[in-house]
Amino acid sequence: MWFTHPLTLVEGYRKSFKIACDQMENDMQKASSKRLLGVAQTSLTGKAAEGALDLFSELIAEALTILSKSRNIPRAEHVAMFKSNSAGLGDSRLIRGVAFRRRVLMDNFPNKLFDAKVAVISGDLKIRKMSRDAEIQINSADQLDAFVDAERDRKREIADLLIASGAKIILCGGEIDRDILHLLADSEILVIGELDSSEVNNSADATGANILDSVMDIQPSDVGICGSLIWERREASDMVEDIIRIDNCTNPRVLTIEVGGSGDLGTDEIIRGIHDGLRATSAALEENSVLPGAGAIHARIAQAIRNASESEPGRGRLAMDAFSRALETIPATLVENSGGEPLDRILELRSATNSNSAFQGITIDGDVGEVIGVWHPFSVIEESLQSATETAISMLRIDQVISARGD
């Protein structure tokens with residue numbers, strides 16, 4: 001009976017992976033705008049977001065392209081998601097800023113502002129409470145009036161500082177004092193409070209404002225600017241709900257994709273698919289390299305390993321042949337999913353890969369043809385192959401240890 005030592009197979013797998021890396025380096029393409037769009041489309045295919053594939057892939061590519069102007073490495077976490085709970089998927093759009101739901105505290109606040117300065121405050125917009133309890137003894141009405149006047153003057157000072165900054169929009173992470181709110185409203189300044197930490201950070205990144213811990217520290221350089229802020233009131237089932245959109249920011253470091261639809265579980269699934277598309281496309285953009293999909297790169301690697309095995313003198317070539325056959329399970333699965341005959345198509349793909357310089361893969365109909373518009377980030381293919389190779393090697397090493405012990 002023929003026997004091949006596990007370590008011989010390990011060596012064959014390592015040689016195969018090295019050949020695979022070399023082939024990927026040779027086939028690597030620059031991540032042009034068209035190919036980035038292809039990466040987004042490839043990632044969205046087969047997910048719930050495929051219902052508006054062209055729209056969402058364009059939004060993903062556009063969002064990351066815009067962010068690349070303000071960030072060295074734009075990532076998926078720099079693109080927020082917002083469910084509009086209205087219209088349809090086709091009405092989804094990109095907001096050059098942020099959107100969130102909060103109650104606008106006064107109806108007479110301006111609901112449309114353009115080219116407005118923005119101040120972002122992380123805490124409360126009110127007089128800070130003392131850290132220790134204290135009692136004040138008041139013996140006359142004059143002393144009470146003086147105490148009330150001092151408190152009113154303090155609130156006026158806070159409002160005056162914000163008014164003097166030139167900000168027409170105040171975004172606050174905490175509570176807002178009612179008197180300060182009215183003073184700012186008299187100056188036609190829109191104030192929105194009780195934002196969570198992510199909304200505060202995203203608003204600052206979108207508008208270019210600095211996040212202030214205290215209003216008393218505000219400087220002209222701390223104020224950002226937005227192209228437009230529009231809020232609209234919609235009746236919800238249990239509360240009055242306002243939708244605030246900050247859009248058309250000049251150099252945003254955060255963008256938002258507003259997803260249309262009913263906002264049910266289906267919309268959540270669509271958002272998860274968009275996140276996958278953003279991660280894949282941002283990886284391709286960061287690496288500036290992509291590889292052809294549709295089984296093309298796997299077929300080319302398999303062919304390169306098969307050719308190299310011909311000159312391998314030992315039994316390591318058995319491992320190399322097995323490695324190449326394993327790679328062909330990717331295009332074979334694509335053929336099977338399309339209702340074709342895997343064996344016939346794989347043999348045809350081998351021939352096409354040998355005789356064509358263009359990337360040959362499995363088309364949407366399950367036939368063999370030139371790959372058009374299907375791309376993967378370089379790291380996705382490389383890391384998947386590395387993980388699979390190391391897993392197989394680990395299993396062979398375990399088998400070797402058990403065999404050596406005689407268990």
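Key figures for this structure:
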| read-out | value |
| --- | --- |
| Entirely in segment 214-316, the strands (runs of 3 or more DSSP E) that have 1 or more residues that are exposed (fewer than 15 other Cβ atoms within 10 Å of the Cβ) | 224-235, 240-247 |
| Selected residue (criterion: surrounded by the fewest Cβ atoms within 10 Å (Cβ to Cβ)) from residues of segment 68-115 that are without any contact (Cβ under 8 Å) to a residue 40 or more places away in the chain and closer than 22 Å to His275 by Cβ | Asn72 |
| Subset of segment 269-305 [touching a Leu at 6+ places or on another chain (Cβ under 8 Å) and not hydrophobic (A, V, I, L, M, F, W, C)] | Gly273, Asp276, Gly277, Thr281, Ser282, Gly295, His298 |
| Residue, surrounded by the most Cβ atoms within 10 Å (Cβ to Cβ), within segment 182-203, restricted to residues that are among the small types (Gly, Ala, Ser) and touching a Leu at 6+ places or on another chain (Cβ under 8 Å) | Ser203 |
| From Ile138, Ile163, residue being at pLDDT 90 or above and over 25 Å from Glu232 (Cβ atoms) | Ile163 |
| Any hit, segment 210-217, residues being closer than 24 Å to Asn108 by Cβ and free of Cβ contacts under 8 Å to residues at least 60 places away in the same chain | no |
| Residues within segment 68-103 that are in contact with a Lys or Arg (Cβ under 7 Å, 6 or more places away or on another chain) and part of a helix (DSSP H, G or I), tallied | 2 |
| Filter result (crowded, with 17+ Cβ neighbours inside 10 Å, among the hydrophobic types (A, V, I, L, M, F, W, C) and either without any contact (Cβ under 8 Å) to a residue 60 or more places away in the chain or part of a helix (DSSP H, G or I) (or both)) within segment 8-43 | Leu9, Val10, Phe17, Ile19, Ala20, Met24, Leu36, Leu37, Val39, Ala40 |
| Selected residue (criterion: nearest to Glu199 (Cα to Cα)) from residues of segment 60-78 that are of a type in the set (A, V, I, L, M, F, W, C) and in contact with a Ser or Thr (Cβ under 7 Å, 6 or more places away or on another chain) | Ala76 |
| Failed condition for Leu53, given (1) out of contact with any Gly (no Cβ under 9 Å at 6 or more places or on another chain); (2) assigned to a helix (DSSP H, G or I); (3) at pLDDT 90 or above | (3) |
| Selection within segment 248-286 - among the aliphatic types (A, V, I, L, M) and under 24 Å from Val380 (Cα atoms) | Ile270, Ile271, Ile274, Leu278, Ala280, Ala283, Ala284, Leu285 |
| Odd one out for Arg96 among (1) in contact with a strand residue (DSSP E or B) (Cβ under 9 Å, 6 or more places away or on another chain); (2) at pLDDT below 90 | (2) |
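Here is a yes/no grid of residues against (1) in contact (Cβ under 8 Å) with a residue 40 or more places away in the chain; (2) within 21 Å of Thr65 (Cβ to Cβ):
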{"position": "Glu258", "(1), (2)": "yes, yes"}
{"position": "Gly261", "(1), (2)": "yes, no"}
{"position": "Leu265", "(1), (2)": "no, no"}
{"position": "Gly273", "(1), (2)": "yes, yes"}
{"position": "Arg279", "(1), (2)": "yes, yes"}
{"position": "Asp321", "(1), (2)": "no, no"}
{"position": "Ile330", "(1), (2)": "no, no"}
{"position": "Leu334", "(1), (2)": "yes, no"}
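The values are calculated or read from the model by the stated rules, or taken from the named source; none is laboratory data. Computed from a predicted structure; not experimentally measured. With ideal geometry, Cβ positions are generated from the backbone for all residues, glycine too; neighbour counts draw on all protein chains shown.
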